[in-house]
1. When you look at E71, is it touching a Gly at 6+ places or on another chain (Cβ under 6 Å) and open to solvent by 80 Å² or more (accessible area, probe 1.4 Å), yes or no?
2. If you check every pair at least six apart or on different chains, which have Cβ atoms under 6 Å apart with a residue in region 76-90 that is modelled with pLDDT under 95 first and a residue that is assigned to a helix (DSSP H, G or I) and β-branched (V, I, T) second?
3. Which of the numbered conditions does K61 fail, given that it passes all the others? Conditions: (1) at pLDDT below 95; (2) open to solvent by 50 Å² or more (accessible area, probe 1.4 Å).
4. Across region 41-52, what is the total count of residues that are without any contact (Cβ under 8 Å) to a residue 12 or more places away in the chain and in a helix (DSSP H, G or I)?
5. Every residue in region 41-58 that is in contact with a Phe, Trp or Tyr (Cβ under 8 Å, 6 or more places away or on another chain) and open to solvent by less than 50 Å² (accessible area, probe 1.4 Å), please.
6. Within region 91-104, which residues are surrounded by fewer than 21 Cβ atoms within 10 Å (Cβ to Cβ) and without any contact (Cβ under 8 Å) to a residue 24 or more places away in the chain?
7. Please indicate, with yes or no, whether at least one residue in region 32-40 is among the acidic types (D, E) and open to solvent by 50 Å² or more (accessible area, probe 1.4 Å).
Amino acid sequence: GTKAITVELSCAFCRKPVCTSGEEMVLRAEKRMEVNDPLAYSHVAVCYRSGRFGRQVDDLKALELFHRAAELGVHEAFVDIGSYYDQGTIVNKDPEKFFAFLAIAAMKGNLCA
């Protein structure tokens, strides 16, 4: 007969089994931030902006994390930063900065900018 092959999926970084909840995923992303994982910064920022996966809405924290993600090369983070200048909720509304951040995102390869 044939033998069934079972594959246990695990995290490429920590080798633990894949996350079973959004909260666990954010905790792992926060751990990845300790080694400057750019996408981890962006992912956690989205959670603070939206209040998802056990994080309270904190736009200042989200903006700080988006800036770090952008510094580390996440082009989507420039769009997110720009959106704060478009909304004018936690920073002064500034159309010039909004378009400047979108331009940077576009130059870095973001197709939506």
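The values are calculated or read from the model by the stated rules, or taken from the named source; none is laboratory data. Since the structure is predicted, the reported quantities are computational estimates derived from the model, not experimental observations. Reconstructed Cβ throughout: ideal geometry from the backbone, glycine too, with neighbour counts over all protein chains shown. Protein only, heavy atoms only, side chains kept; ligands, DNA and RNA dropped before computing areas. Shrake-Rupley method; radii C 1.70, N 1.55, O 1.52, S 1.80 Å.
1. no
2. So the pair list comes out as F78/I104.
3. Every listed condition holds for K61 apart from (1).
4. Final tally of qualifying residues: 1.
5. Y41, S42, A45, C47, R55
6. Residues satisfying the conditions are N92, K93, D94, P95, E96, K97, F98, F99, A100, A103.
7. Yes, region 32-40 contains a residue that is among the acidic types (D, E) and open to solvent by 50 Å² or more (accessible area, probe 1.4 Å).
Each row is one residue, and each column tells you yes or no for (1) out of contact with any Pro (no Cβ under 6 Å at 6 or more places or on another chain); (2) hydrophobic (A, V, I, L, M, F, W, C); (3) part of a helix (DSSP H, G or I); (4) surrounded by fewer than 18 Cβ atoms within 10 Å (Cβ to Cβ).
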site	(1), (2), (3), (4)
H67	yes, no, yes, yes
S83	yes, no, yes, yes
A106	yes, yes, yes, yes
C112	yes, yes, no, yes
